[in-house]
Amino acid sequence: MVPGQPQPYRYGISQKELGRKKAAAPVLEKRHRKYFLRFSYTEEVPLTKTPAKERIICSVDLGLNTDAVCTIMRSDGTVLGRRFIDFPSEKDRMYRVLGRISRFQREHGSAQVKSRWAYAKRLNTELGRKIAGAVTGYAEENHADVIVFEYLETKGKISGRKKQKLHLWRKRDIQKRCEHQAHRRGIRISRICAWNTSRLAYDGSGTVVRDPGNHSLCTFQNGKRYNCDLSASYNIGARYFIRELLKPLPVTERSLLEAKVPSVKRRISCVYADLRELFSEMEILRVA
């Protein structure tokens, strides 16, 4: 460190990059009995304005068995890529900590487990950071215009065991972090109704039956065995495109398409097969 000369910025942020950002007022915050001065900067990033038919999306299903399943999809239903994102060692570490907390509570009561729960929450937060970074990186790698998630109900009291609560908190944290990271890259975020995305088969054959031995697998009504989270990610992407394709159409044209593909009327029952059929009908109508 040389006195009188400008010092390099920390965290890899150069002076040139900071010059394009607007500095906000510093904030004094307290963390773990220590005080820190936090400097924040704001920047304007234009989001993509690609038409709906030309968009490439990354539909994401945040599951229990796999951390995230991503599918790169076009508006006609063409699947360009798939990725299973999972961090098993981090989850095992957190679940071992939860087991120790449970045993400690049985032996000593719940009055002395504050620090243990704080450690479990920090592990959960770190896992959320890794998943969010992997999802956003995969979307950017495939030039996705939109990242599509399920809408999570955030009102009311969270019921269930501590493990389930941590999982739901992590889902919310992942979506929030992905939104910030995606907007910095010019990628939009969208959410669709979560009802029946995992319950219905992507090929339109009806409800699925979960494998009792392996909950990540399921059996369709036609006998096909498939990954349940991957099927859900197909349905998530399909529901997004069905909404975006029908929304700008005139009422008469939309009614005509809904008459030919009745399943798109109820958004909570739309699946990937409905998108393929709807796109085919739209192309026939356009040529005619």
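The values are calculated or read from the model by the stated rules, or taken from the named source; none is laboratory data. Being a predicted model, the structure only gives us computed values, none of them experimental. Neighbour counts are summed over all protein chains in view; Cβ atoms, including those assigned to glycine, are modelled from backbone coordinates with ideal geometry. Side chains are part of the model used for accessible areas, which takes the heavy atoms of the whole protein and leaves out ligands, DNA and RNA. Shrake-Rupley method; radii C 1.70, N 1.55, O 1.52, S 1.80 Å.
Just a few scattered comments:
- Residue match in segment 150-158 (condition: in a helix (DSSP H, G or I) and modelled with pLDDT under 95): no
- For Gly223, the criteria (1) in a loop (DSSP other than H, G, I, E, B); (2) in contact (Cβ under 8 Å) with a residue 60 or more places away in the chain; (3) more than 19 Å from Lys53 (Cβ to Cβ) hold in every case but one, which is (2).
- One residue stands out among those in segment 51-90 that are among the charged types (D, E, K, R) and under 18 Å from the mean Cα position of the chain (by Cα): the one that is farthest from Arg188 (Cα to Cα), which is Asp86.
- In the set Val45, Val79, only one residue is open to solvent by less than 60 Å² (accessible area, probe 1.4 Å) and modelled with pLDDT of 95 or more; that residue is Val79.
- For segment 1-37, residues that are modelled with pLDDT under 85, in a strand (DSSP E or B) and out of contact with any Phe, Trp or Tyr (no Cβ under 7 Å at 6 or more places or on another chain) total 1.
- Candidate set from segment 118-132 (those that are farther than 17 Å from Leu64 by Cβ and open to solvent by less than 30 Å² (accessible area, probe 1.4 Å)); member that is modelled with the highest pLDDT: Ala132
- Within segment 267-280, restricting attention to residues that are free of Cβ contacts under 8 Å to residues at least 60 places away in the same chain and more than 23 Å from the chain's Cα centre (by Cα), the residue that is surrounded by the fewest Cβ atoms within 10 Å (Cβ to Cβ) is Ser280.
- For Gly99, the requirement of being surrounded by 15 or more Cβ atoms within 10 Å (Cβ to Cβ) and either in a helix (DSSP H, G or I) or not charged (D, E, K, R) (or both) is not met.
- Residue within segment 202-220 that is open to solvent by 60 Å² or more (accessible area, probe 1.4 Å) and among the β-branched types (Val, Ile, Thr) present: yes
- Where Pro262 falls short, out of the listed (1) of a type outside the set (A, V, I, L, M); (2) closer than 21 Å to Pro51 by Cβ; (3) open to solvent by 30 Å² or more (accessible area, probe 1.4 Å): (2)
- Residues being in contact (Cβ under 8 Å) with a residue 60 or more places away in the chain, part of a loop (DSSP other than H, G, I, E, B), open to solvent by 30 Å² or more (accessible area, probe 1.4 Å) and not polar (S, T, N, Q) - total across segment 188-201: 2
- Close pairs from segment 233-258: first farther than 30 Å from Leu217 by Cβ, partner β-branched (Val, Ile, Thr) and assigned to a helix (DSSP H, G or I), Cβ under 9 Å, at least 6 apart: Leu246/Val264; Leu257/Val264; Glu258/Val264
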